Amino acid sequence: MTRMLTLCAALLLATAGTAGADTLLRLDARADPAAPQAGHLKLGTARSPQGHTLAANNQYLLRDGQPWLPVMGEYHFSRAPASQWDAELRLMKASGVDIVASYVFWNHHEESPGHIDWKGNRDLRRFVQLAQAAGLQVIVRLGPWAHGESRYGGIPDWIVDAMPTRGNDAEYMGQVGRLYAEIGAQLKGLLWKDGGPVVGVQLENEYNLRGPGRGEAHISALKALALKAGLDVPLYTVTGWDGTVYPSGEVTPVFGGYPDEPWATSTTELAPKETYAFRFDTRVSGDLGAQTRAREPGTAETDKDKVPFLGAEYGAGLPAMYRRRTLVSPDDIAAMLPVQLGSGVNLLGYYMFHGGRNPVSAAGTGLEESTLSGGYNDTPRISYDFQAPLGPDGQPRPVLGKLRPFHYFLRDYGARLATMTVRQPEQVPATPADLQTPRWSVRAAGDSAFLFFNNHVRQYAMPAQAGVRFEVQLPGGAVTLPSQPVDIPNGAYFIWPINLDLDGVKLRYATAQPVARLDAGALGILHVFAPTPGVPAEFALADGVKTLSSEGGQMLPVGKANGRAINVLLLSPEEASQLQILDLGGQRHLVFSEQQAWVADGKLQLRGPATRPLHAAVFPALAKPHAAGLLVRQDGPLQHLDFKPDAAEPALAVHATRPARNAPRILKGGLAGAAQQPIPEAFATAATWSLKLPAKLAPQAEDVLLELDFVGDIGRVFAGPRLLDDWYYNGQRWQIGLKQFGLKPGQVLSLSVLPLRADAPIYIDRAHRPEFADGQAQIAELRSARLLPVRHVAVTP
């Protein structure tokens, strides 16, 4: 950070080289692309009262007539406290998300016939209004069958018990029509055509059922019910994987991919996933966990040239499932992004971007997917953490720092990328398991292009690609980059620009990733780049190639246009991971902070641990920042905002209350024929601890997180008989925000840990699977329990 925005005194010539044989990777992008075609998709009303338009052709989305490549993130309103929605939606916006998507789980709203609950945490209308206030568009996933690891896919028990589902049965469709009418009433006045944020709805989910009253006919009938309910929106979508069937032209498919398969039955590492391999002939990326299996190709396979390539479920994390407990790294998630974008994705949609917790029915019934209720998987009764970038209580996860630069790139350069078509290299991997052949692609339009590369595959070491250069043939001639061969290390992934227009200055290529564009006023236009680890950052300009250190933290003047200076800012890796781009008072600012930053009420909001200093560095500087306890200092162009710690870690009294007994053998069965979660009576064998809260639970803190580090099978935390949260052990620390539960000072909570048997037929990543001593049959340990106060401050700019 100390070198941030320092002007390069001398620019080094490119000298990056490698010994031995060099590798020239070639790609021909000279062929004329097919012109975009409109008219196939039957969109709803696309014009708002303010004159804004939203449309789609067969290649990309358009907003106000301009190509639009947005980022979409899933956040389930009924799995989160309503008191958190406003801040969390604004955090998503600050992270570069443009659209928030959410299921409407029918069984969260109508537990018994005719008694529909839209209040409190189930208030869909308020959630959508807050999303609009945060500057987000909304896609509502209507169901009626949603999956989402919910009981009966979200369909209420009383429906499942009484009638056939997921087809055109008259009784069922009558109930669905009533549900859609209720949703339509909640969204009245909030649709795009009304000037609202709802730009689309999804019908059903993972629908590959065929036969009378099913297939295309069912999706058509659902769309008719949505229209009857007043849900006239620009986009009608369905999921496009696992052989989905739908009426072509009536809806557009959306796609996804995950870095692992928690729904699989294997107790070992999986083969390399398709999600890390560029796709040139299909949009489907492997097994996404559909509950039903298709026996023939779906409509998406024949629709490929008729509809844009839109994403909805690229895993920003993974769900907890009993038999397979995968724990992903930030790079496992972020490495998928250049692959998906380089394969042609023109809507980057995540599932999930924000974690949550399942509600419990009024009758005390769990609403989670479970083999006990006929589900394919066992999932926690309460927790829906999903290892998401934002945890159930808004906790920032390290993956956020990896994702945000890509989101900001799409915000500022996505309109150019959206029109570019995918071009295939001369050599591509034969299969996703081919780890030797370089993985790359180009998207090009005319002489402009972006180069995408990935050398990361979850749980597999990739060979360093030694002595690499790329040759891309464009209509105006070949571009070869870098100037000297470079070694691309294991784990690297990136996007490099070719012939990028920097506000009138031509950048022939760069071996660094564009992140954002900032109008810095008198300082000119700033194009922000992030370095590629291990590769010198070259910027090829009209007057030659300039090279900056891959450590970043440097600014490079590249020319002038229209009387204004044009500069390139190369961030350091640390700066890139801390970057948060916010608009305050009509001015875009670069905010560098380990803490969360967002904008509300015209103020800069900062949130982080109360036991540590809060710090943010801002460029351009705020005019007159002030807040209680704020210290302001200027260091060159950076304005530093500092708050001292304002709380000590509260004391938590922990006492063992019951030793573990011998846990029963884990049984196999269910639809998957694999390990099943133990029956409720098995928890009598759990070890237990009392957790006594202090008399004063950090009253000034916004929240207090209970952090538990345990080893065992399943952990549960109770307040008396009430289950607050539960957790499948996977090596990840478990955090629970306590303020939402209204606990009393000095209240005693109870932690139970079901022992994990040494012979458990479940998968846990090798790095986190417990080591059992000779003769040790099981383990149930509490390593630590802490209370972590969270602080929130607002800075008036």
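The values are calculated or read from the model by the stated rules, or taken from the named source; none is laboratory data. If you're wondering where the values come from, they're calculated on a predicted model, not measured in any experiment. Positions of Cβ are generated from backbone atoms using ideal geometry, with glycine treated the same way; all protein chains shown enter the neighbour counts. Areas reflect the complete protein model, heavy atoms only, side chains present, ligands, DNA and RNA absent. Shrake-Rupley method; radii C 1.70, N 1.55, O 1.52, S 1.80 Å.
Can you list the residues, at least 5 places off or on another chain, whose amide H is less than 5 Å from the amide H of Tyr509, using H built in the peptide plane?
Asn499, Ala540
What does the accessible area per residue of the chain come to in Å², with a 1.4 Å probe and no ligands, DNA or RNA counted? List each step's numbers first, then the result.
Working: 28870 Å² over 797 residues.
For the chain, the per-residue accessible area is 36 Å².
Would you please put 177-189, 660-672, 530-542 in order of how densely packed they are, using the mean number of other Cβ atoms within 10 angstrom per residue and starting with the highest?
Ranked by mean Cβ neighbours within 10 Å, highest first: 530-542, 177-189, 660-672.
Mean Kyte-Doolittle hydropathy of 1.0 or higher plus an axial Cα length of 15 Å or more: which whole DSSP H helices in the chain meet both?
Working: long enough: 170-186 (24 Å, -0.15); 215-228 (20 Å, 0.53); 399-418 (26 Å, -0.02).
Going by DSSP H runs, there are no hits.
Give me the extension gain from His655 to Thr282: residue separation times 0.36 nm, minus the current Cα-Cα distance, reported in nm with one decimal.
So the extension gain works out to 128.7 nm.
What lysines does Lys42 reach when the alpha-carbon gap must be under 20 Å and sequence neighbours fewer than 8 apart in one chain are set aside?
Straight-line reach from Lys42, under 20 Å: Lys193, Lys223, Lys228, Lys304, Lys306.
So if each residue of separation counts as 0.36 nm, and I subtract the Cα-Cα distance between Asp169 and Glu781, what length gain in nm does that give?
Numbers: separation 612, 0.36 × 612 = 220.32 nm, distance 5.13 nm.
This chain segment gains 215.2 nm when fully extended.
Where the only charges are on Cβ atoms (+1 Lys, Arg; -1 Asp, Glu), what is the dipole of the stretch 248-359 about its Cα centre, to the nearest 20 debye? Provide the component values of the computation, followed by the final result.
Values: 11 positive and 14 negative charges, 65 e Å.
In total the dipole reaches around 320 debye.
Once the dipole of the chain is set up with Lys and Arg at +1 and Asp and Glu at -1 on Cβ about the Cα centre, which of Gln596, Ala660, Ile495 lies farthest towards its positive end?
Result: Gln596.
Contact order normalised by length for the stretch 251-295, with contacts defined as Cα pairs under 8 Å and 6 or more residues apart; what percent is it? Display every interim value, and only then the final one.
On the way: 29 pairs, mean separation 22.2, N = 45.
The value is 49 percent.
For the stretch 231-296, run through the GluC sites (Glu not before Pro) and keep only the ones in DSSP coil with at most 14 other Cβ atoms within 10 Å of their Cβ. Write down the numbers at each step before the final one.
Details: sites: Glu250, Glu269, Glu274; in loops: Glu250, Glu269.
Answer in residue order: Glu269.
Mind checking the dipole of the chain: about its Cα centre, +1 per Lys or Arg Cβ, -1 per Asp or Glu Cβ, Debye to the nearest 20? Intermediate results must be reported in sequence, preceding the final value.
Working: 75 positive and 77 negative charges, 242 e Å.
That gives the chain a dipole magnitude of about 1160 debye.
Please list, in chain and number order, the residues 5+ apart from Met420 or on another chain whose amide H is under 5 Å from its amide H, with Hs placed from the backbone.
none
Positive end of the charge dipole of the chain (Lys, Arg +1 and Asp, Glu -1 on Cβ, about the Cα centre): tell me which of Val71, Gly553, Asn455 has its Cα farthest that way.
The Cα lying farthest towards the positive end belongs to Gly553.
Leaving out ligands, DNA and RNA, what percent of the accessible area of the chain is carbon and sulfur, probe 1.4 Å?
Values: 14740 of 28870 Å².
The C+S portion of the solvent-accessible surface of the chain is 51 percent.
Using a simple charge model, +1 on the beta-carbon of Lys and Arg, -1 on the beta-carbon of Asp and Glu, nothing else, what dipole does the stretch 288-344 show about its Cα centre, in debye to the nearest 20?
On the way: 7 positive and 7 negative charges, 71 e Å.
Roughly 340 debye, rounded to the nearest 20.
Among Phe409, Gly153, Ala445, whose Cα projects farthest towards the positive end of the dipole of the chain, with charges put on the beta-carbon of Lys, Arg (+1) and Asp, Glu (-1)?
The listed residue farthest towards the positive side: Phe409.
In the structure displayed, which of Lys93/Lys119; Lys119/Lys744; Lys696/Lys744 lie more than 18 Å apart, Cα to Cα? Before the final figure, lay out the partial values.
Details: Lys93/Lys119 25 Å; Lys119/Lys744 25 Å; Lys696/Lys744 9 Å.
Cα-Cα > 18 Å for Lys93/Lys119; Lys119/Lys744; rest within.
Give me the one-decimal nm value for the distance between modelled label points at Asp774 and Ala31, 7 Å along each residue's Cα-to-Cβ direction.
6.4
Return the percentage of antiparallel bridges among DSSP beta bridges fully within the chain, rounded to the nearest 5 %. Mind showing how you got there, number by number?
Details: 135 of 181 bridges.
Counting only bridges with both partners in the chain, antiparallel ones make up about 75 percent.
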